[in-house]
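Below is one structure, written out as structure tokens; the observations come after it.
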Amino acid sequence: MITVVGSVNLDIVATGKDLPRPGETVTGARLARHPGGKGANQALAARRLGADVRLIAAVGDDDMAEEALKLLRAGGVDLAATQFVNGETTGVALIAVAASGENQIIVCPGANAVLAPADLEGESIEHMMGVLEVSPAALLAAARCATGFVALNLAPALPVTGELLQRADLLIVNETEAEWYGTALHDSGAMVAVSLGAEGAQLWKDGRVIASATPPRVDVIDTTGAGDTFCAALTTALIEGMPADAALSFAVAAGALACTKPGAQPSLAHRADVEALLST
Ligand code: RIB
């Protein structure tokens, strides 16, 4: 069982030709709403890839909460430990997507910011995935309870304690985050996965690259959720005992598939589709 500790958001998405520059107004975009949030996306992605998953998270007591949880419920993610917080709004992400598939995201954390270490202390956690859209202190409390594999997606980049990094078996960052954290990642002793967008990804251990993978070519519609799928797929594969290079190839293929449909959770890959893509 993988316990995901992370965020739930409702994504409000405007898809247009170009992203606005600071101070610019662009018009002509299409509006959509999708369940999202890095924690929720990673939980559903791991579930669609075959893992048993529970999500420890917080949503508000507003109308957006059930809309944000809809695909998790339908997908069979255990939400018994997801709390509804009185007087808080559900997290919201305002997302602009360009015709190129690139995006810009502003997150209003709402109830995600309320998840506290006390909500995690004493939890029964085997394997864990955590993401920094909830507080580092909450992730540390959860990591202290974990008896199995611990994967942390250090996104967005935030100051974290050495203890949190050292409790991880796998740290996952993109290139920008890798630069932000610097040598602290490799000093932790964990494996470090660096996603490189269309270039694929590298897996490091003890300061050297132990695996590299390039993704299959796909038609990119929307990259939202691709990083979350990569995190979930790599973690799931390593927990299953896949060798590092196979696990990384599996993860970049799953991430590539998530770019081929609009929205975060609607685009998360199913296991059979990843395996079919890898076999072509
Ligand atoms: O990683 C994509 C996610 O980031 C979106 O679903 C959005 O909610 C933001 O949290």
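The values are calculated or read from the model by the stated rules, or taken from the named source; none is laboratory data. Since we're looking at a predicted model, the values are computed, not measured. Backbone-built Cβ (ideal geometry, glycine too); neighbour counts: all protein chains shown. The area values use the complete protein model at the heavy-atom level, side chains included, leaving out ligands, DNA and RNA. Shrake-Rupley method; radii C 1.70, N 1.55, O 1.52, S 1.80 Å.
I'm checking my understanding of the structure. Among residues of region 121-143 that are of a type in the set (D, E, K, R) and crowded, with 17+ Cβ neighbours inside 10 Å, which one is farthest from the chain's Cα centre (by Cα)? Break it down into steps so the answer makes sense when it comes.
Start the filter on region 121-143 by keeping residues that are of a type in the set (D, E, K, R), which leaves 121, 123, 126, 133.
Checking the rest, the ones that are also crowded, with 17+ Cβ neighbours inside 10 Å come to 123, 133.
Numbers: E123: 21, E133: 9 Å.
Looking at residues that are of a type in the set (D, E, K, R) and crowded, with 17+ Cβ neighbours inside 10 Å, I get E123.
Please specify each residue of region 1-26 satisfying the condition of being of a type in the set (K, R) and either free of Cβ contacts under 8 Å to residues at least 60 places away in the same chain or open to solvent by less than 10 Å² (accessible area, probe 1.4 Å) (or both). Steps first, please.
Step one: filter region 1-26 for residues of a type in the set (K, R), giving 17, 21.
Passing the criteria: only R21.
So in region 189-203, with the set limited to residues that are open to solvent by 20 Å² or more (accessible area, probe 1.4 Å) and either at positive phi or in contact with a strand residue (DSSP E or B) (Cβ under 8 Å, 6 or more places away or on another chain) (or both), which one is modelled with the lowest pLDDT?
Of all residues in region 189-203, those open to solvent by 20 Å² or more (accessible area, probe 1.4 Å) come to 189, 191, 195-199, 202.
With either at positive phi or in contact with a strand residue (DSSP E or B) (Cβ under 8 Å, 6 or more places away or on another chain) (or both) added as a condition, the list becomes 189, 191, 195-197, 202.
Working: G189: 95, M191: 98, S195: 97, L196: 96, G197: 89, Q202: 98.
Selected residue: G197.
State all residues of region 19-59 that are within 15 Å of the ligand (Cβ to nearest atom) and of a type in the set (S, T, Y); if no residue qualifies, say none.
None; the set is empty.
Can you tell me which residue in region 204-234 is surrounded by the fewest Cβ atoms within 10 Å (Cβ to Cβ), limited to those that are hydroxyl-bearing (S, T, Y) and farther than 27 Å from D18 by Cβ? If you could, list the steps in order and put the result at the bottom.
Taking region 204-234 as the starting set, the residues that turn out to be hydroxyl-bearing (S, T, Y) are 212, 214, 223-224, 229.
Still in the running and farther than 27 Å from D18 by Cβ: 212, 214.
Values: S212: 16, T214: 14.
Going through the qualifying residues, I end up with T214.
Does region 177-186 contain any residue that is touching a residue at least 40 places away in the same chain (Cβ under 8 Å) and either open to solvent by 40 Å² or more (accessible area, probe 1.4 Å) or not acidic (D, E) (or both)? So that I can check it myself, show each step before the final result.
We begin by selecting, within region 177-186, every residue touching a residue at least 40 places away in the same chain (Cβ under 8 Å); these are none.
No, region 177-186 contains no residue that is touching a residue at least 40 places away in the same chain (Cβ under 8 Å) and either open to solvent by 40 Å² or more (accessible area, probe 1.4 Å) or not acidic (D, E) (or both).
Among the candidates A96, A157, A118, which residue alone is touching a Leu at 6+ places or on another chain (Cβ under 6 Å) and surrounded by fewer than 21 Cβ atoms within 10 Å (Cβ to Cβ)? So that I can check it myself, show each step before the final result.
Working: A157 fails: touching a Leu at 6+ places or on another chain (Cβ under 6 Å); A118 fails: touching a Leu at 6+ places or on another chain (Cβ under 6 Å).
The unique qualifying residue is A96.
For the condition open to solvent by less than 40 Å² (accessible area, probe 1.4 Å) and either within 16 Å of the ligand (Cβ to nearest atom) or among the hydrophobic types (A, V, I, L, M, F, W, C) (or both), what is the one hit in A276, A237?
On the way: A276 fails: open to solvent by less than 40 Å² (accessible area, probe 1.4 Å).
Among A276, A237, only A237 is open to solvent by less than 40 Å² (accessible area, probe 1.4 Å) and either within 16 Å of the ligand (Cβ to nearest atom) or among the hydrophobic types (A, V, I, L, M, F, W, C) (or both).
Taking region 55-93 on its own, how many of its residues are in contact with a Lys or Arg (Cβ under 6 Å, 6 or more places away or on another chain) and open to solvent by 60 Å² or more (accessible area, probe 1.4 Å)?
1
Wholly within region 174-280, which helices (runs of 4 or more DSSP H) include no fewer than the required count, namely at least 1 residues that are closer than 22 Å to G50 by Cα?
On the way: elements: 175-181, 184-187, 226-240, 244-258, 271-279.
Fully inside region 174-280 and qualifying: 226-240, 244-258, 271-279.
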